[in-house]
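See structure below.
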Amino acid sequence: MLRDGKYAAWFRTPRGQGTGVVHLAEGRISGSDSFFTYGGSYRIDEQRFTAVLTTRRHAEGPPTVFGLDEVEVKLSGVCSGAMATCSGTAEQAPDVTFEATLIYSQDEVPAADARGAVVKLNADKLPKGLDGRSRSRHPFAPGSLGSERNRP
């Protein structure tokens, strides 16, 4: 059984494919992608999922997966857990089969506040000074080994 919330939507027809985001809430479905908004109603009966939604263009762009901007799609399929798969057609393009998959999107969990983490400095773990493994940071400074090689 699907729960109310936000779903990632992947859809396709023989003419193309696309992705979007849909929201399911108490029998209403709404969503959008880069060029279209869609809305309508859905119903869940045990594992059965049905929906009727309409599409409407909100931005200039490529043609739809139906070839028409405004259609009413009737879908039916199955749902289990956090996913639904369905297919159907639009009355305005009855020869174009539409398939969709909805996957529940978890709410984003806020990342831990990095500024809130305090790291305690332990000065005893810092290096105590130069030892035989250290080299001068300025090899050509007077008195350094590198400066001797550069004399005429």
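Read the figures in this text as sums done on the coordinates, not as results from a lab. Being a predicted model, the structure only gives us computed values, none of them experimental. Neighbour counts are summed over all protein chains in view; Cβ atoms, including those assigned to glycine, are modelled from backbone coordinates with ideal geometry.
Quick one: order Met1, Met83 by neighbouring beta-carbon count within 10 Å, fewest to most. The partial results should precede the final answer.
Details: Met1 12, Met83 15.
Ordered from fewest to most neighbouring Cβ atoms within 10 Å, Met1, Met83 come out as Met1, Met83.
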Going residue by residue through the stretch 42-49, the Karplus relation 6.51 cos²θ - 1.76 cosθ + 1.60 with θ = phi - 60° gives ³J(HN,Hα) values, rounded to whole Hz and with x marking Gly or Pro, of 9, 9, 10, 10, 6, 9, 8, 10
Mean projected area, convex hull of alpha-carbon positions in the stretch 5-104, reported to one decimal in nm², is 5.5
Non-local residues with an amide H under 5 Å from the amide H of Gln92, with H modelled 1.01 Å from N and Pro and chain starts lacking one, are Glu72
Cβ density ranking, 10 Å radius, fewest first, applied to Ile44, Ile103 yields Ile103, Ile44
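Work out the FRET efficiency for Asp4 and Lys120 from their Cβ-Cβ distance, taking R0 = 30 Å, and round it to the nearest 0.05. Walk me through the numbers on the way to the answer.
Working: r = 45 Å, r/R0 = 1.50.
Step by step, r from the Cβ atoms, then E = 0.10.
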Phi angles of the stretch 20-29, converted by Karplus (6.51 cos²θ - 1.76 cosθ + 1.60, θ = phi - 60°) into ³J(HN,Hα) in whole Hz with x for Gly and Pro, give x, 10, 10, 10, 10, 8, 6, x, 10, 10
